[in-house]
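Values quoted throughout were computed directly from the atomic coordinates according to the rules given, and no laboratory measurement underlies them. Being a predicted model, the structure only gives us computed values, none of them experimental. Cβ placement follows ideal geometry from the backbone for every residue including glycine, while neighbour counts extend to all protein chains displayed.
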Amino acid sequence: MEKQTLIRTLTLSQVVFLGIAWNNPMVFFNTYGIATVTAQGVIMGAYILAFLAILFTAFSYGKMAKAFPIAGSAYTFTQKSINPQMGFLVGWTIMLDYMLTPMVTCLMSAVFLHAVFPEIPHVLWIILLTATIVIPSILGVKFTASTGKIFVIAQIVFVGIFWVLTIKSLMAGVGTGTLFSIQPLFNKDIELPVILAGASILCFSFLGFDSLTTLSEETINPEKTIPKAIVIMLVIIGFLYIGSAYLAQLVHPGFSFTNTDSAAMEVVYLVGGNMFKSIFVTAVILGNFSSGVAATTSASRVLYAMGRDSVLPKKVFGHIHARFKTPSTGIIVIGIISLLGIVLTLDQVIKFINFGALIAFTSVNLSVIFHYFIRNRRRSSVSDYMRYLFMPLLGAGFTLWLWSHLELDAMILGGIWVACGFVYLLYMTKFFSKPLQELGFDKEIVLEEEVISKEVYLEEVR
């Protein structure tokens, strides 16, 4: 029987667009109310702190993607650099991140759809939205990349229009009535821990760069393409988020809203009226759709890597669809989990996701130190010390700092999840007397994928 594998078809632009789609430029509006209330109005300052924490971590992801251009992301990096047991626990933890993010995109759409169509039950919206992200994810990663590009462009255009209308409103005296103010960045009456709490929530907004590394086995020349894509994508979304946060806080000072979850709708109505509010809801749905499909694509690749290693049931998660070349059963499992959005709230799920994400970010920063600085002895120059010790240490410190400011309920639920993973690890290893299987390269598969990659590349050039 022929062994089914992932194939390399993605180019740099496709990977960047997939990352932006996963990140979802419209996610600023989805998290605006929750983050603004948590940071007590200093949302731009919170975004900058989150961006800095993610920037150092992004460099670490790029370095590890060069070393291990295979699916699995933080799970694979930790497993290969530190040890398989730690890798499993990190992989188990980031399942919070990956498997719940598609649910978040459904919840974010449902919030605004329910506000516009209150007569339609929340349950029905969750079921319909889940179906719309599961089916395209099964059809294939190239289909996902192509549709994602269209929706990403539409979202960026919407953000640009929002900026223009907001500036016009400020010039007309709405809000602070000025284009220049330090208020969104700093407020002497707001303590740093409050802003850090907001930043810890906003880390969710930057998770797309992490997802790019899960596409390593489907990307042409991943050792170069993935690190470049991470930096390009992070700069683009950082600019969009921070700029939007600055303008939104100027036009709507303070942090008092009728409905925190749909607070962005109040700001959009303030600057553009009913017509722009209708366009906004459409843009949110399109953005959440592309983000949900991209998130499901990435999540299924992490589960695939763990299933291929038999640390999760291989028949379920290590299966590749013969026709579509996608981990279809893993995608279906993710869709079933997304239906939990029927009973969970947006605020609860985002905080739960950030628990796993920040642990994963810390582990990848430490993986750089273990792999390059300790194991491969890359410490012969000042540059080596900066790249392979000090920068990843700063990244780990930043992410742990933000992690420590998560709310208590997120810590408790996350801690329970990690404890369950540890018990499962003890069971698999028979109390560490039996080693975990490590992920390996299949030379025949790699050669076959290289041939396919070249054919796809030549076809796109023509």
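Of the residues Ser244, Ser200, Ser205, only one is polar (S, T, N, Q), under 17 Å from the mean Cα position of the chain (by Cα) and closer than 27 Å to Ser169 by Cα; which? Lay out the reasoning, then the answer.
On the way: Ser244 fails: under 17 Å from the mean Cα position of the chain (by Cα); Ser200 fails: closer than 27 Å to Ser169 by Cα.
None of the others qualify; the one that does is Ser205.
Which of the residues belonging to region 317-333 are farther than 16 Å from Trp92 by Cα and not in a loop (DSSP other than H, G, I, E, B)?
Taking region 317-333 as the starting set, the residues that turn out to be farther than 16 Å from Trp92 by Cα are 319-329, 331-332.
Within region 317-333, Ser328, Thr329, Ile331, Ile332 qualify.
At positive phi and buried (at least 24 other Cβ atoms within 10 Å of the Cβ): is that true of Ser73 in this structure?
Details: at positive phi: yes; buried (at least 24 other Cβ atoms within 10 Å of the Cβ): yes.
The answer is yes for Ser73.
Looking at Thr31, Thr38, Thr93, can you tell me which residue is in contact with a Gly (Cβ under 7 Å, 6 or more places away or on another chain), within 29 Å of Ile331 (Cβ to Cβ) and not aromatic (Phe, Trp, Tyr)? Lay out the reasoning, then the answer.
Values: Thr31 fails: in contact with a Gly (Cβ under 7 Å, 6 or more places away or on another chain); Thr38 fails: within 29 Å of Ile331 (Cβ to Cβ).
The unique qualifying residue is Thr93.
Give the residue, chosen from Val349, Val364, Val368, that is within 25 Å of Tyr32 (Cβ to Cβ), of a type outside the set (Ser, Thr, Tyr) and either touching a strand residue (DSSP E or B) at 6+ places or on another chain (Cβ under 9 Å) or assigned to a helix (DSSP H, G or I) (or both).
Working: Val364 fails: within 25 Å of Tyr32 (Cβ to Cβ); Val368 fails: within 25 Å of Tyr32 (Cβ to Cβ).
None of the others qualify; the one that does is Val349.
For region 290-316, what are the residues that are at negative phi and in a loop (DSSP other than H, G, I, E, B)? Step through it out loud before you land on a result.
Going residue by residue through region 290-316, those that are at negative phi are 290-309, 311-316.
Result: Asp309, Val311, Leu312, Pro313.
Can you find, within region 174-188, the residue that is surrounded by the fewest Cβ atoms within 10 Å (Cβ to Cβ) among those that are of a type outside the set (A, V, I, L, M) and free of Cβ contacts under 8 Å to residues at least 60 places away in the same chain? Steps first, please.
Let us first name the residues in region 174-188 that are of a type outside the set (A, V, I, L, M), namely 175-178, 180-181, 183-184, 186-188.
Then drop every residue that is not free of Cβ contacts under 8 Å to residues at least 60 places away in the same chain, which leaves 177, 180, 188.
Details: Gly177: 13, Phe180: 8, Lys188: 6.
Selected residue: Lys188.
Do we find that Leu89 is touching a residue at least 60 places away in the same chain (Cβ under 8 Å), under 28 Å from Ala248 (Cα atoms) and not in a loop (DSSP other than H, G, I, E, B) in this structure? Break it down stepwise before answering.
Details: touching a residue at least 60 places away in the same chain (Cβ under 8 Å): yes; under 28 Å from Ala248 (Cα atoms): no; not in a loop (DSSP other than H, G, I, E, B): yes.
No.
So which residues in region 398-441 are of a type outside the set (Phe, Trp, Tyr), part of a helix (DSSP H, G or I) and either touching a Gly at 6+ places or on another chain (Cβ under 8 Å) or surrounded by 14 or more Cβ atoms within 10 Å (Cβ to Cβ) (or both)?
Across region 398-441, the qualifying residues are Thr399, Leu400, Leu402, Ala410, Met411, Leu413, Gly414, Val418, Gly421, Leu425, Met428, Thr429.
Answer yes or no as to whether Lys325 is on the phi > 0 side of the Ramachandran plot and more than 18 Å from the chain's Cα centre (by Cα).
Values: on the phi > 0 side of the Ramachandran plot: yes; more than 18 Å from the chain's Cα centre (by Cα): yes.
Yes.
In region 176-251, which helices (runs of 4 or more DSSP H) lie fully inside it and hold 3 or more residues that are out of contact with any Ser or Thr (no Cβ under 9 Å at 6 or more places or on another chain) and either within 18 Å of Val364 (Cβ to Cβ) or of a type in the set (Gly, Ala, Ser) (or both)?
Numbers: elements: 192-202, 208-212, 222-251.
The helices (runs of 4 or more DSSP H) meeting that bar are 222-251.
Do we have any residue at all in region 136-148 that's in contact with a Phe, Trp or Tyr (Cβ under 7 Å, 6 or more places away or on another chain), of a type in the set (Ser, Thr, Tyr) and assigned to a helix (DSSP H, G or I)? Before you say what the answer is, go through the steps one by one.
Within region 136-148, the first condition is being in contact with a Phe, Trp or Tyr (Cβ under 7 Å, 6 or more places away or on another chain), and the residues that meet it are 136, 138-140, 145, 148.
Still in the running and of a type in the set (Ser, Thr, Tyr): none.
So far as region 136-148 goes, no, none of its residues is in contact with a Phe, Trp or Tyr (Cβ under 7 Å, 6 or more places away or on another chain), of a type in the set (Ser, Thr, Tyr) and assigned to a helix (DSSP H, G or I).
For Leu212, indicate whether it is within 21 Å of Gly45 (Cα to Cα) and in contact (Cβ under 8 Å) with a residue 40 or more places away in the chain. If you could, list the steps in order and put the result at the bottom.
Details: within 21 Å of Gly45 (Cα to Cα): no; in contact (Cβ under 8 Å) with a residue 40 or more places away in the chain: yes.
Answer is no for this residue.
Out of everything in region 60-86 that is part of a helix (DSSP H, G or I) and hydrophobic (A, V, I, L, M, F, W, C), what residue ends up being farthest from Glu223 (Cα to Cα)? I'd like the intermediate steps shown before the answer.
Taking region 60-86 and keeping what is part of a helix (DSSP H, G or I), we get 60-67, 74-81, 84-86.
Subset that is hydrophobic (A, V, I, L, M, F, W, C): 64-65, 67, 74, 77, 86.
Values: Met64: 9, Ala65: 6, Ala67: 7, Ala74: 16, Phe77: 14, Met86: 24 Å.
Once the filter is applied, the top-ranked residue is Met86.
Pick from region 256-282 the residues that are of a type in the set (Phe, Trp, Tyr) and surrounded by fewer than 20 Cβ atoms within 10 Å (Cβ to Cβ): which of them is farthest from Gly160 (Cα to Cα)?
So in region 256-282, the residues of a type in the set (Phe, Trp, Tyr) come out as 257, 269, 276, 280.
Adding the requirement that they be surrounded by fewer than 20 Cβ atoms within 10 Å (Cβ to Cβ) leaves 257, 269, 276.
Working: Phe257: 24, Tyr269: 16, Phe276: 13 Å.
Residue satisfying both the conditions and the ranking: Phe257.
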